[in-house]
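Down below is the structure, laid out as structure tokens.
The values are calculated or read from the model by the stated rules, or taken from the named source; none is laboratory data. These figures come from a predicted structure and were not determined experimentally. Please note: Cβ atoms are built from the backbone with ideal geometry, for glycine as well, and neighbour counts cover all protein chains shown. Note: areas computed on protein heavy atoms with side chains; ligands, DNA, RNA excluded. Shrake-Rupley method; radii C 1.70, N 1.55, O 1.52, S 1.80 Å.
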Amino acid sequence: MSITEPFAREFRVWPNDIDVNFHMNNGRYLTVADLMIVEFFARTGFLKALIRNKWKPVLGGTIITFRRQLKLGQKYRLRYCWTGGDAHWNYLSFQFTTLDGTLCAAGYSKGAAVSRDGLVTNDVSFQALGVAQPKVTLPDAVTAWKESEAKLMS
């Protein structure tokens, strides 16, 4: 699968996913999203590059907004798409929707590869993947997130 190719999986809200309100727990959204990143790595070939180079994947942050609840037993779809990168980080958008397309939650995650020497540059990680880093403009939401994060961490 190409790194820029969106992909989706369907899931169901199980009893271990819910909170006291009988809808999916906010932390569970992030767990499911994190597990989808592993599939993304495997399908794009990045997992092989990680293993071959003895790198580890790291999550640098996630931002998520909740719009509608997912109830116990309800089926839902999680869509993922690589939206761009900078010197070290790659940004992936994700959306949780009902099967009829109603948006329930959406966000972005940023991830990178890390070696013993620190974060691996995207030039090096894409070279290990055997493709050129696609030249895209980061979405406005990611740019605003990066600016907010810089202020938060200063």
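Take MET1 and tell me if it is part of a loop (DSSP other than H, G, I, E, B) and either in contact (Cβ under 8 Å) with a residue 24 or more places away in the chain or hydrophobic (A, V, I, L, M, F, W, C) (or both). When the stated conditions are applied, MET1 passes them. The test for being among the acidic types (Asp, Glu) and open to solvent by 30 Å² or more (accessible area, probe 1.4 Å) does not hold for ASP17. Within the range 48-80, the set of residues being touching a helix residue (DSSP H, G or I) at 6+ places or on another chain (Cβ under 9 Å), surrounded by fewer than 16 Cβ atoms within 10 Å (Cβ to Cβ) and of a type in the set (S, T, N, Q) comprises ASN53 only. Taking the range 1-14 as the range and being buried (at least 17 other Cβ atoms within 10 Å of the Cβ) and closer than 27 Å to THR137 by Cβ as the test, only ILE3 passes. Please verify whether GLY118 is over 19 Å from the mean Cα position of the chain (by Cα) and open to solvent by less than 50 Å² (accessible area, probe 1.4 Å), treating the condition exactly as stated. When the stated conditions are applied, GLY118 passes them. Could you tell me whether the range 29-45 includes any residue that is in a strand (DSSP E or B), free of Cβ contacts under 8 Å to residues at least 60 places away in the same chain and surrounded by 15 or more Cβ atoms within 10 Å (Cβ to Cβ)? No; the residues of the range 29-45 include none that is in a strand (DSSP E or B), free of Cβ contacts under 8 Å to residues at least 60 places away in the same chain and surrounded by 15 or more Cβ atoms within 10 Å (Cβ to Cβ).
Here the range 127-145 is the region considered, the condition is being of a type outside the set (Gly, Ala, Ser) and free of Cβ contacts under 8 Å to residues at least 24 places away in the same chain, and the residue that is most open to solvent (accessible area, probe 1.4 Å) is LYS135.
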